[in-house]
Amino acid sequence: MSRHPHWVGTWTASPAPSEAGYGLNNHTIRMNPRVSLGGDTIRVRVSNAYGTRPLAVGGGTVGLRAKGPGVVPGSLRTLTFNGAEGAAVAAGAVLVSDPVKLDMPALADLAVAKLAPIAAETRRLVADPATVDAFMADGAARAGVIAEKTMGEVRRVVGFVR
C-alpha cells in the first residue's frame, strides 16, 4: 500500500474568553486534546477570526501528554511560525505553525501550550459586552444552521409543534 502524506484535521477547539472576566498576563494557556488520527508531524492553528487588531502569540510547545500535567520525556517540541517563536496573527486571520516532527499514535493525548502575551486583547474582548454578544450570536446562528436538519427530523418523529 503506498503512502501519500497529507494534512488531516484531527482536533479543534473554539477560543473563549476567560469566564472569570480578566485577561491573562504572563500565563500559559494549555490544552490537552486527544487526537483521533496518529501521525508523525503536526501543525497548530491559532485563530484571530473575531479579532479587530493583530494578536501577538508567544512561543509555544506541543508534546505527548503523560499522566496529569506531565509530558512524556523527550516528546516536547517548540512551535515556530515562519521560523520564529513568536508571531502576530492578523485581525480576522488564522496562523499555522511550522510543521513539527512528533510521533503520535492514534488516540494520543497531547499537551499544547501557548505563552500568553495576549492579555490586552483578552481584556478588551471580555470588557466589551457587545463583542461577547456578537461572538455568542454568531456561534448560535452557525449551530442553528447545523442543527436544523436534525431538529426537523426530531420534530417530525416526536411530534413537537413549532
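A few notes on this one:
- Filtered residues of the range 63-85 (kept if within 17 Å of the chain's Cα centre (by Cα) and in a loop (DSSP other than H, G, I, E, B)): Thr80
- Verdict on Gly70 being at pLDDT 85 or above and more than 20 Å from Val89 (Cα to Cα): yes
- Check on Tyr50, in the same structural domain as Pro99 (by TED's automatic domain parsing), modelled with pLDDT under 80, more than 17 Å from Ser97 (Cα to Cα) and part of a loop (DSSP other than H, G, I, E, B): yes
The values are calculated or read from the model by the stated rules, or taken from the named source; none is laboratory data. Keep in mind that what you see is a predicted model, and the values were worked out from it rather than measured.
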